[in-house]
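Here's the structure we're looking at; comments come further down.
Every number here is computed from the coordinates shown, using simple stated rules; none is lab data. Computed from a predicted model, the values in this text were never measured in an experiment. With ideal geometry, Cβ positions are generated from the backbone for all residues, glycine too; neighbour counts draw on all protein chains shown.
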Amino acid sequence: MDAKLADIIRQYDELASQYDDPEIVSDQQKLAEVARSLGEIQELVSTGRGVDSLEKRIASNQVLISESGQDRELILLAEMEIEQDCLKLSELRPQLHELLYPSPDASLDKKSITLEIRAAAGGDEAGLFASELFRMYSRFAELQGWEAVELDRNEGGIGNIKMISVKINGKGAYGVLKWESGVHRVQRVPKTEASGRIHTSTITVAILPEIEEKEFHLNMAEVDFETFRAGGHGGQNVNKVETAVRLTHRPTGMVVVCRTERYQGRNREIAESMLRAKLWEIERVKEFSALESERKALVGSGDRSEKIRTYNFPQSRITDHRLNKSWYNIDVIMNGEIHEMMEYIRLNIGKAESVPFED
């Protein structure tokens with residue numbers, strides 16, 4: 001057993017034993033502190049003990065096989081149990097490693113996010129696919145029990161989205177969706193294409209974690225503040241009062257807009273949160289990347305050659321180019337059932353380099 005895990009299990013057992021201490025039980029504050037400390041490591045301890053139990057059972061069965069002689073039936077039963085336990089171990093060990101040695105993003109992974117989708121190359125077809133990606137992520141959020149709140153939208157026609165910004169409130173949303181940032185390419189025959197020629201378009205996706213003021217200071221002296229009428233749904237107040245907010249960060253030229261709420265103050269609060277997250281991302285890219293353009297590092301320029309994923313409708317195929325992995329259930333995935341794909345990417349993204357994709 002890992003020495004760090006063994007120490008944490010000992011700590012857990014010592015804390016659990018305090019429930020038998022009359023002095024602790026009679027002090028509600030101390031009892032709450034013990035319960036909180038146990039809760040913080042309970043998942044790690046449970047996973048660690050599960051791994052340890054499986055490893056011991058596999059070793060025991062291996063000894064049983066070596067000592068069983070000619071008892072073929074007993075050997076087969078032991079081999080079946082080893083196979084099942086090894087399969088469980090393959091699932092538990094990565095989870096245990098993440099819990100024991102969390103990545104620098106571990107605290108961010110628990111956060112809610114702002115999702116931005118922009119049509120890039122491909123004209124109206126890009127805008128149409130942007131709306132479909134928006135539906136995919138919205139449906140996924142719904143399946144996860146998360147709340148999706150639209151912040152800003154720029155439409156190019158019925159069903160055609162040039163840009164949309166959505167706040168997704170849900171614990172762990174960033175950890176699940178952070179690898180979605182990048183250029184998404186779609187290949188299909190547009191409904192308007194009389195010749196049946198396959199058209200290629202690109203859409204950019206950005207996933208930004210919710211960043212608090214204590215994590216990144218936003219200097220409001222560098223920000224221009226404007227209000228305007230929001231328009232659209234929301235009643236007479238939306239159309240008659242300047243409730244929508246536009247913030248412009250002068251040093252970077254970064255602009256954010258929020259028009260979702262009926263009250264200007266709330267829209268400004270949301271806009272400041274969005275701007276803080278974008279500026280935090282820029283600083284983060286400066287620290288970890290030598291790329292010339294910070295924004296390009298997050299979502300790419302939209303050029304067809306810069307892609308993390310391709311959605312090929314004629315072949316019913318979705319390919320992630322960072323892993324050279326394909327899925328052949330495009331209709332299911334576009335309906336928001338992307339959990340399996342997200343989990344595969346999360347577990348494998350650090351193990352492979354981006355590879356070229358041949359059409």
Quiz item: Using the count of nearby Cβ atoms within 10 Å as a rough guide to exposure, how do R246, R36, R259 rank from fewest to most?
Solution: R36, R246, R259
Practice problem: Please order W280, W327 by the number of other Cβ within 10 Å, starting at the fewest. | Solution: W327, W280
Quiz item: E14 to M80: FRET efficiency via 1/(1 + (r/R0)^6), r the Cβ-Cβ distance, R0 41 Å, to the nearest 0.05?
Solution: 0.60
Quiz item: For the stretch 3-100, what does the equivalent ellipsoid look like in terms of its semi-axes, each the square root of 5 times an eigenvalue of the Cα gyration tensor, given largest first in whole Å?
Solution: 38, 15, 9
Practice problem: Set the Förster radius R0 to 45 Å, insert the Cβ-Cβ distance between S46 and N335 as r into 1/(1 + (r/R0)^6), and round the FRET efficiency to 0.05. | Solution: 0.85
Exercise. With only Lys, Arg, Asp and Glu charged, each at its Cβ (+1 for the first two, -1 for the last two), find how big the charge dipole of the stretch 3-100 is about the Cα centre; round to the nearest 20 debye.
Key: 180 debye
Quiz prompt | Flagged links, alpha-carbon separation over 24 Å, of K171/K278; K178/K214; K110/K214; K178/K325; K88/K307; K111/K325 | solution = K88/K307; K111/K325
Quiz item: Can you put R118, R72, R57 in order, fewest other beta carbons within 10 Å first?
Solution: R72, R57, R118
